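Every read-out reported here was derived from the displayed coordinates using simple, explicitly stated rules and does not represent laboratory data. In this text, all values refer to a predicted model and were calculated from it rather than measured experimentally. We place every Cβ from the backbone using ideal geometry, glycine too, and count neighbours over all the protein chains shown.
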Amino acid sequence: MGSTLDAHLKTGSTTVCRAWMVRRKDGVVLGFADHDEDLTFEGVVFAARTGLTARALEQSTGMAVDNSEAFGALSDAAINEEDIQAGRYDDAEVTIFMVNWADVDQRDILFRGTFGEITRKGGAFSVELRGLAERLNIPTGKVYHPDCNASLGDERCGIDLLVMDRTVEATLLHIEKGRVLTVAPCLHLPDGWFAHGLAMLTSGTGHDQVRPIRSDHEQDGGRVIELWQPFGLFPATGDTVRLTVGCDKSASACKAKFGNFLNFRGFPHVPGDDWLRSNPALNR
């Protein structure tokens, strides 16, 4: 495709525009174009005069991180504030094409990466674009550490989260500041059962938002769930939430709470700071 576009660009009389494809983590795909008519290719309709414009792309050879910034207006037809607040565009994949609007088969990719920080002001938004090389800044690999490095419920952990009491569906009875939730009591579960777990909204305008749980306890005929950070789009009374049991990744929790010590993926006998400060024992 790039070679045919190059031939078109060399004619000196071009009919090109830029088109954006945004793929959110929830599977929603949106298309935008800075042309006066909609374009369709790769199974996506790129809406005209909506959504996004961008500063010049900064691209380089080697391992440097490509970056740019995109701007757009908030509207119900394209990108709305509720979806941004709910985090539905966090880390969304974005591909920018240069395309011949007279023959969309003639196109080339200018940029591929993800959305970074999004800011909103005065009915508009701006978003940082992060290139593919940005992923190389993320530390990977195993760490020699006393805590487990598996994620609760994954293949390495082996715990079935669908077992009763490990995942609980509940209705919100009260919400305070978007981060303190009260649901029906769970008297058969000890306090702290959901600490280090996840709370996911399953209904309402803020559905699919997920937040880590800081603590939970029974209080005044209800279960109080405190989150580490508030939901971006606050839930309402009557919305439903899915609570997942928590694991602090310690060997004691793996053994006592889940009976899963054979699958523990940490190194519980690593000497701690107290060992470094200890005095050698004298032989007597």
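What is the fewest-to-most order of Ser151, Ser252, Ser13 by other Cβ atoms lying within 10 Å of their Cβ? Don't skip to the end; give the middle numbers.
Values: Ser151 13, Ser252 10, Ser13 6.
Ranked by crowding around the Cβ, least crowded first: Ser13, Ser252, Ser151.
Could I have the simple spin-label model distance between Leu9 and Ala256, label points 7 Å from Cα toward Cβ, reported in nm to one decimal?
It is 6.5 nm.
Going by how many other beta carbons lie within 10 Å of each one, how would you line up Tyr144, Tyr89, fewest first?
Details: Tyr144 8, Tyr89 22.
Final ranking by Cβ density, sparse to dense: Tyr144, Tyr89.
Applying a 10 Å radius around every beta-carbon, put 173-182, 104-113 in order of their mean neighbour count, most first. Could the numbers behind the result be given before it?
Details: 173-182: 16.0, 104-113: 17.5.
Packing proxy ranking, top to bottom: 104-113, 173-182.
Set Lys and Arg Cβ to +1 and Asp and Glu Cβ to -1, take the dipole of the stretch 183-234 about its Cα centre, and tell me which of His217, Cys186, Phe234 lies farthest positive.
Result: Phe234, furthest along the dipole toward the positive end.
Just to check, using Stokes-Einstein with a Kirkwood Rh over alpha carbon pairs, what's the diffusion coefficient of the stretch 217-277 at 4 °C and 1.567 mPa s in µm²/s?
Estimated via Stokes-Einstein, D reaches 83 µm²/s.
May I have the pair-distance distribution P(r) for the stretch 167-244, computed from all Cα-Cα distances with 5 Å bins from 0 and rounded to whole percent?
Result, from short to long distances: 3, 19, 32, 30, 12, 3, 0 percent.
Once the piece of chain linking Leu173 and Glu226 is laid out straight, how much longer is it, given 0.36 nm per residue of separation minus the C-alpha distance between them? Show your work: numbers first, answer last.
Working: separation 53, 0.36 × 53 = 19.08 nm, distance 1.38 nm.
Result for the pair: 17.7 nm of gain on full extension.
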